[in-house]
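For reference, the structure discussed in these notes is given below.
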Amino acid sequence: MEGSNPRGLHLVLLPATAHHVVCSGGNHRAVISNELKIEKIQASVSAYLKIDLLSEDELLYIEEKEKEIRRVFMNIRQKTECETNNLHSRLMDLEEEVDDFKKNLYFKYIQKHDG
């Protein structure tokens, strides 16, 4: 089993401590990876960012995009299957846009405090 890759992990990065904690699925995969000295693990990482570090414009952008996501999602529920394809695509694009924006904010925050 040495060198094998256990199923991926979902981790949360706590920026105040720079520690990762297991968010879901228990910590058994992280523990066994350490015990087997597996150097690389596929992981989904979430990170917390203090909201008071964000500007009003950044908060407004996120709020508006999340409102739009909710509107598109509600639209999907009211349409026929044939009509939902474009809405699903729009929904995925919006969610990716907001995720990318938040990631960029996180790295901007990290650079401010590390540099």
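With both labels modelled 7 Å from their Cα along Cα-to-Cβ, the Lys67 to Lys50 distance reads 2.8 nm. Applying the Karplus relation 6.51 cos²θ - 1.76 cosθ + 1.60 with θ = phi - 60° to the range 64-77 yields 3J(HN,Hα) values of 5, 5, 5, 5, 5, 4, 4, 5, 5, 4, 5, 4, 4, 5 Hz, where x marks Gly and Pro.
Cβ-Cβ distance of Gln78 and Ile110, R₀ of 35 Å, FRET efficiency by 1/(1 + (r/R0)^6): the value works out to about 0.30.
Database remark: amide H of Ser46 closer than 5 angstrom to the amide H of Leu11, Val12, Leu13 (H placed geometrically; neighbours at sequence offset of 5 or more, or on other chains; Pro and chain starts carry no H).
Since every read-out is calculated from the coordinates, none of them should be taken as a lab result. Remember, it's a predicted structure, so these values are computed and weren't measured experimentally. All Cβ positions, glycine included, derive from the backbone under ideal geometry; neighbour counts span all protein chains shown.
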